[in-house]
Amino acid sequence: MQGGRYNLVNLLFLNPNSTVAMTQAMVAVARATDPEAQITGWTNTGGPPAIQGPEDGAAAVAGLLAMLPSAREAGADAIVIGCFDDTGLAQIRATAHCPVIGIGQAAFHVAALLGHRVSVITTLQVSVPVIAANIAAYGFADQVARVRASGLGVLEVDEASPAAIARLDQEILLAGAEDGISAVVLGCAGMAPLVTQLAHGTPMAVIDGVAAATRLARSLVAQARRI
């Protein structure tokens, strides 16, 4: 079918945490990635301020699930979970009316399709086991050299101070020197607006899950519509 509503793509980003600024930043990156899509972002106002470890993730799931009826009413064609831990992805996918993808999942698939061996640069050490478990569950354990904690909290990353950016630059350089990789994956949604800055300091590819999920979500919608 050509023209009309059928060719519009309505992507909905669900932020598992309660920090509105992070939702807004993700939406801005997604809109820059796909200017032709209709992209909105909703914040889990009852969730933790940041998702840092399994307890925060578990605390966020009920709020995410509660948003699904409204997502259907809003006509979402695809839902993106805007947390690198892919918080609640399995539960939401099992319940949602449309395709659902996590930004972590998207980043790993894009890296694999591009033929990269990668390391992940994330926030705190408490997030490492969650991400490592996701990598194993997705089947990418052989492709990911290491999940590296920068020592920065999620909200520190979101503030994007010069010191925070310098710390991320340092960890990316260490990954390139030590891990035998050709790309790094940014392991926090709050790093998405920083991808251009961080890429300037390394010859490696830098993969951002927000942009990756935006591109893949459009493809999933097209596949679901068979166009």
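Structural remarks
- The range 13-31, residues that are crowded, with 24+ Cβ neighbours inside 10 Å and either among the basic types (K, R) or assigned to a strand (DSSP E or B) (or both): F13, L14, N15
- Residue in the range 114-133 that is free of Cβ contacts under 8 Å to residues at least 24 places away in the same chain, in the same structural domain as A30 (by TED's automatic domain parsing) and over 24 Å from D34 (Cα atoms) present: no
- D169 being assigned to a loop (DSSP other than H, G, I, E, B) and among the charged types (D, E, K, R): no
- Against the list (1) of a type outside the set (V, I, T); (2) buried (at least 18 other Cβ atoms within 10 Å of the Cβ); (3) in contact (Cβ under 8 Å) with a residue 60 or more places away in the chain, the condition P48 fails is (3).
- Residue satisfying condition, being touching a Ser or Thr at 6+ places or on another chain (Cβ under 9 Å) and either hydroxyl-bearing (S, T, Y) or not assigned by TED's automatic domain parsing to the domain that holds L186 (or both), within set A71, A66, A58: A58
- The range 67-112, residues that are free of Cβ contacts under 8 Å to residues at least 40 places away in the same chain, buried (at least 16 other Cβ atoms within 10 Å of the Cβ) and not in a helix (DSSP H, G or I): A96, V100
The values are calculated or read from the model by the stated rules, or taken from the named source; none is laboratory data. None of these values were measured; they are calculated from a predicted model. Glycine gets a Cβ as well: all are built from the backbone with ideal geometry, and neighbour counts include every protein chain shown.
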